[in-house]
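Remarks on the structure that follows.
The values are calculated or read from the model by the stated rules, or taken from the named source; none is laboratory data. All of these numbers come straight from a predicted model, not from anything done at the bench. Virtual Cβ from ideal backbone geometry, glycine too; neighbours counted across all protein chains shown. Quick note on the areas: whole protein, heavy atoms, side chains included, nothing else; ligands and nucleic acids left out. Shrake-Rupley method; radii C 1.70, N 1.55, O 1.52, S 1.80 Å.
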Amino acid sequence: MKEEEKTTERINRPETLMMSLGYKPHLSEGALKCPIFQTSTFVFKSAEEGKHFFEMIYSKEGKKETENMGLIYTRINNPDIEILENRIAIWDEGEDCAVFESGMAAISTSLLEFLRPNDVVLTSSPIYGGTNHFMKEILPKFNIHTLTFNHNDDEQQILNLLQRHNAVKKIKSIYIETPANPTNSLIDIQLCKRVAEILSKEVGEKVWVMVDNTYLGPLWQHPLKHGADLVLYSATKYIGGHSDVVAGAAVGSAMLSFNVVGGEKEAFTFLNALQVVKLAVSLGGTETLAQHPNTMTHADVPAEEKLREGITSKMIRLSVGIEAVEDIIYDVKQALDKIK
Ligand SMILES: *Cc1c(COP(=O)(O)O)cnc(C)c1O
């Protein structure tokens, strides 16, 4: 192995990154450790800068990856919160993380984001008492109901359960807790992903798999690797670890990238032919976005570094949104067909 590669590998270890990731001492008078930014709001350098920051947070496209989102207001962003989010995301190899005021805030916000009136959420059993209360007492007020499967049910038994309750086309999320609180029951995440894929075809849109990973924490279980879409934490527990903080986190992914046959010309032909998928940078939104990292988000990365990481002129990055999966597949296929 080349010396360079060894170095890259070493600085990627999460244990090491926990000391420094996301923090630049020169922005804080050289302080080795990140100070606590105990402020509700941040001063803009000019009215124009303030306007620009607000355009970035409220624009549908979100911020461009090359743009550094300025600090506005602690509910929106704060250096300590951003560092925590970056460092939690590392363990799960997630694309991004959002931290919350409690585990229940992370869980309830995520469920409300992905569910709509008349939807049904399929859940494992048992689940944390607070989550159970939210699902059984609060969600029904929005006409969102739950169906519970048994931790040792197989794929067919789960599908039968849904058929019996006439719920096959109503499931928009599968929510599981594994190991479960308090029984330590184990739920097969990959099985839930397979069920979600079957249901997605029926529903015509993505069925989300959410996993409450509080019990094992981000060190010992990585649900995204087994097909989960969102990992939820009560950071009050192992992540905090000292019983002196209440916090929560949600970590997500869905990103993919691939190479077309050819180079920049073919990649651009593909991008220009897309109809449903939007040609835009940024990621993690509800719309599917495609872009060309080599000339767009990573244009500024030195050529030899890009080569080492496999970022070439043939690469397309796709951030998969929540449109009907068949439409996305059809669009990608017809755009690929344009490359001759
Ligand atoms: C504690 C806990 C929660 C709730 O987290 P809070 O930070 O108390 O809101 C959710 N899920 C599990 C498995 C828990 O143990």
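Some notes on this structure:
- Pick from the stretch 154-201, criterion acidic (D, E) and in a loop (DSSP other than H, G, I, E, B), ranking: nearest to the chain's Cα centre (by Cα): D188
- Filtered by the rule that a residue be open to solvent by 30 Å² or more (accessible area, probe 1.4 Å), assigned to a helix (DSSP H, G or I) and under 15 Å from V277 (Cβ atoms), the stretch 287-329 gives V325, E326, D327, I329.
- Scope the stretch 126-153; condition among the hydrophobic types (A, V, I, L, M, F, W, C), away from the ligand (no atom under 16 Å from the Cβ) and part of a loop (DSSP other than H, G, I, E, B); matching residues: I144, F149
- Filtered residue count, the stretch 157-179, keeping only those that are among the charged types (D, E, K, R) and touching a residue at least 60 places away in the same chain (Cβ under 8 Å): 0
- T123 more than 29 Å from D244 (Cβ to Cβ), within 16 Å of the ligand (Cβ to nearest atom) and touching a helix residue (DSSP H, G or I) at 6+ places or on another chain (Cβ under 7 Å): yes
- Selection of the stretch 220-259 for residues being aliphatic (A, V, I, L, M) and either within 11 Å of the ligand (Cβ to nearest atom) or surrounded by fewer than 21 Cβ atoms within 10 Å (Cβ to Cβ) (or both) yields L232, A235, I239, V245, V246, A247, A249, A254, M255, L256.
- Where F114 falls short, out of the listed (1) within 13 Å of V207 (Cα to Cα); (2) open to solvent by 90 Å² or more (accessible area, probe 1.4 Å); (3) at pLDDT below 95: (2)
- Scanning the stretch 87-106 for residues that are part of a helix (DSSP H, G or I) and more than 18 Å from H222 (Cα to Cα) gives M104, A105.
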